1. Measure off, as a whole percent, the carbon and sulfur share of the 1.4 Å-probe accessible area of segment B:5-157, all protein chains present.
2. Let's see if you can work this out: charge +1 on each Lys and Arg Cβ, -1 on each Asp and Glu Cβ, no other charges. What is the dipole magnitude of segment A:5-157 about its Cα centre, in debye to the nearest 20?
3. Is the C-alpha gyration tensor of chain B telling us rounded, prolate or oblate? Criteria: a/c under 1.5 is rounded; beyond that, a/b larger than b/c is prolate, otherwise oblate.
4. Measuring from a point 7 Å past the Cα of A:Thr40 along Cα-to-C-beta, which residues in segment B:98-122 have an amide N at less than 18 Å?
5. Can you give me the Cα centroid spacing of segment B:47-89 and segment A:61-90 in angstrom?
6. Using a label point 7 Å beyond Cα on the Cα-Cβ vector, give me the inter-copy distances for A:Ser112 in nanometres, one decimal, shortest first.
7. In deg cm²/dmol and to the nearest 500, what is the mean residue ellipticity at 222 nm of chain B if only DSSP H runs of at least 4 residues count, each as -39500 (n - 2.57), divided by the residue total?
8. From the C-alpha coordinates alone, can you work out the Kirkwood hydrodynamic radius of segment A:3-52, in Å?
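The values are calculated or read from the model by the stated rules, or taken from the named source; none is laboratory data. Since we're looking at a predicted model, the values are computed, not measured. All Cβ positions, even for glycine, are placed from backbone atoms using ideal geometry, and neighbour counts span all protein chains on display. Heavy atoms of the whole protein, side chains included, go into the accessibility calculation; ligands, DNA and RNA do not. Shrake-Rupley method; radii C 1.70, N 1.55, O 1.52, S 1.80 Å.
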2 protein chains.
Amino acid sequence: MKEFLVRKAKKEDMKDVYEMIKGLAIFEKMPNEVKISPETLQKDGFGPNPTFHCFVAELNSEIIGFTIYYYCYSTWLGTSIFLEDLFVKEEFRKQGVGEELFKKVAKLAHESSHRLDFHVLRWNPAVDFYKKLGAIDLTKTEEWHLYRLNDEALNKLFS
Amino acid sequence: MKEFLVRKAKKEDMKDVYEMIKGLAIFEKMPNEVKISPETLQKDGFGPNPTFHCFVAELNSEIIGFTIYYYCYSTWLGTSIFLEDLFVKEEFRKQGVGEELFKKVAKLAHESSHRLDFHVLRWNPAVDFYKKLGAIDLTKTEEWHLYRLNDEALNKLFS
């Protein structure tokens, strides 16, 4: 593969990123969960107070992967980084693109918050990739579980 | 118990909140993980762009509980709310204080992001409390696991 480039995303990349978000949701077997639009991504990521940040991988003017992260807060450590999404188009996998994208975000965590958190589905083969980079499965080691009140539960709570 | 009040936290509440953060870490059996200070909480939560938000429960001028949340980002839904911490001092538990604190944050999620996420340790008895309020254990139902690169792993990755 020719040399790819990892760079900060621009507002106009959000259409491509949106298509990849849908691709990731299909891979995660939850294609109907994507309620966002390219316009919302443009608004939320590129205003005066962006609520997320994004890097893209580019090859011959094609966006072939992306990662999205945001600043979260730990009452133990302070401001910290959460990696929300990482995706490489199928035909460009296993060539180091994902690692470059991941390292861009990990570097920021290394320089600032000293930890990087993210969620992975248990059966996702990327688990091995993350483990090779040093990730620990805190659900296994410390028994942290992710809980959610979804729209239905919130409606019920306030009906 | 007399009537308690749930209100937005003030900068000067952070010393009390800090003590309760330590209390929660002891309860979670990880007392040495708290590296934050009351000053950092004051700086991060009360500047022009606060990285977290906080409600406290007050009774007779004593802070008896708190909850901290922040705005996270879902590439499926957009800006969303993550509940980072919820704690009530031991002697004031089982009297509705935790529920009032939780509902303050859930109400915001209901009005804006339509979902509320948080992490709970598998063995924490509060699991039943969250389930009663409608929470689903996504680690069980969808097999989401929490992964982390800690300080040591990040140092290794960039050494």
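1. Numbers: 3500 of 7200 Å².
So the carbon and sulfur contribution to the accessible surface is 49 percent.
2. Values: 22 positive and 24 negative charges, 42 e Å.
Approximately 200 debye in magnitude.
3. Numbers: a/c = 1.41, a/b = 1.19, b/c = 1.18.
Judged from the Cα gyration tensor, chain B comes out rounded (a/c under 1.5).
4. B:108-117
5. Centre-to-centre (Cα) distance: 21 Å.
6. 1.9
7. -10000 deg cm²/dmol
8. Numbers: mean 1/r = 0.0840 Å⁻¹.
Roughly 11.9 Å, rounded to one decimal.
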